[in-house]
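Reading through the structure tokens given below for one structure.
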Amino acid sequence: MTRDEFWHHIESIDKEALLVGDEDTAIAPLEEQLSSLPITELEAFEEHLSQCLYALDGEVFANESGESGDSDDAFLYARCFVVAQGKEHYEATLANPQLMPKTLDGWCEALLYPQRNAWARLTGKDESEWEFDASVSYESGSNEELWPK
């Protein structure tokens, strides 16, 4: 999967549902789309997602995230919200951290799971058994270059 294909899949997210805080409904079309892909493509999706979230993992982005910037999990979910809004918004936020969501309404934790749920459907295993590790961690504070020492 190329980065453009990744963004094509992200475009399937229901943006109206996302903006009113209905994460599960927003992500459902993406999960359905991913369910038709082979495992290697699901792993590639995870890699691209991790890279995007990692690029937003920095102090300047956390400082612009309002209440979400005070918690590692909340900051991760705010970064997911940025990615879920699509390539154009993501790239604009990278260039201008002030575009980070300011309230707890700007979350999309559900973006972390559609590839795992699709994998579970394909393999018949529980999504908790997913073992793929991306080349970078999306956990808050992982991108050491963007956090002060």
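Run the numbers for Asp24 and Val136: contour at 0.36 nm per residue of separation, minus the present Cα-Cα distance, in nm.
37.8 nm
State the extension gain, in nm to one decimal, for the chain segment bounded by Lys125 and Lys15, taking 0.36 nm per residue of separation less the distance between their alpha-carbons.
Result for the pair: 36.6 nm of gain on full extension.
As I understand it, the value is the acute angle between the Cα axis of helix 23-34 and the longest principal axis of the Cα atoms of the chain; what does it come to in degrees, rounded to 10?
In the chain, helix 23-34 runs at an angle near 50 degrees to the longest axis.
Would you list Asp57, Asp14 from fewest to most Cβ contacts within 10 Å?
Exposure proxy ranking, most exposed first: Asp14, Asp57.
Between Tyr113 and Asp73, what is the spin-label point distance in nm, taking each point 7 Å from the Cα along the Cα→C-beta axis?
So the label points at Tyr113 and Asp73 sit 1.2 nm apart.
Mind checking the angle between helix 72-84 and the chain's longest principal axis? C-alpha axes, 0 to 90 degrees, to the nearest 10.
Between the helix axis and the principal axis of the chain, the angle is about 70 degrees.
Using the crude model of +1 on Lys and Arg Cβ and -1 on Asp and Glu Cβ, and no other charge, please compute the dipole size for the chain relative to its Cα centre, in debye to 20.
It comes to approximately 260 debye.
Which of the listed residues, Gln33, Gly66, Phe6, is farthest toward the dipole's positive end in the chain, when Lys, Arg count +1 and Asp, Glu count -1 at the beta-carbon?
The residue sitting most towards the positive pole is Phe6.
For the chain, take the longest principal axis of its alpha carbons; what is the angle in degrees between that and the long axis of helix 39-55, to the nearest 10 within 0 to 90?
Approximately 0 degrees, to the nearest ten.
How much FRET efficiency would the formula 1/(1 + (r/R0)^6) give for Gln51 and Asn96, where r is the Cβ-Cβ distance and R0 is 22 Å, rounded to 0.05?
0.65
Can you list the aspartates and glutamates whose alpha carbon is less than 12 Å from that of Lys15, not counting same-chain residues fewer than 8 positions off?
Glu23, Asp24
Here are labelled values, (1) 104; (2) 113; (3) 167, and one is the computed volume of the Cα convex hull per residue in Å³ for what I pasted. Which one?
(1)
Would you be so kind as to identify which of Ala17, Cys52, Val82 lies farthest towards the positive end of the dipole of segment 3-122, taking Lys and Arg as +1 and Asp and Glu as -1 on Cβ and the Cα centre as origin?
Towards the positive end, the residue furthest out is Cys52.
Roughly how many nanometres apart are two label points built 7 Å out from the Cα toward the Cβ at Leu146 and His8?
Between Leu146 and His8, the simple spin-label model gives 2.6 nm.
Please list, or write none, the aspartates and glutamates whose alpha carbon is within less than 13 Å of the alpha carbon of Lys149, excluding same-chain residues fewer than 8 places away.
Straight-line reach from Lys149, under 13 Å: Glu59.
Since every read-out is calculated from the coordinates, none of them should be taken as a lab result. Note that the structure is a prediction, hence the values are computed from the model and not measured. Using ideal geometry, Cβ is built from the backbone for each residue, glycine included, and neighbour counts are taken over all protein chains shown.
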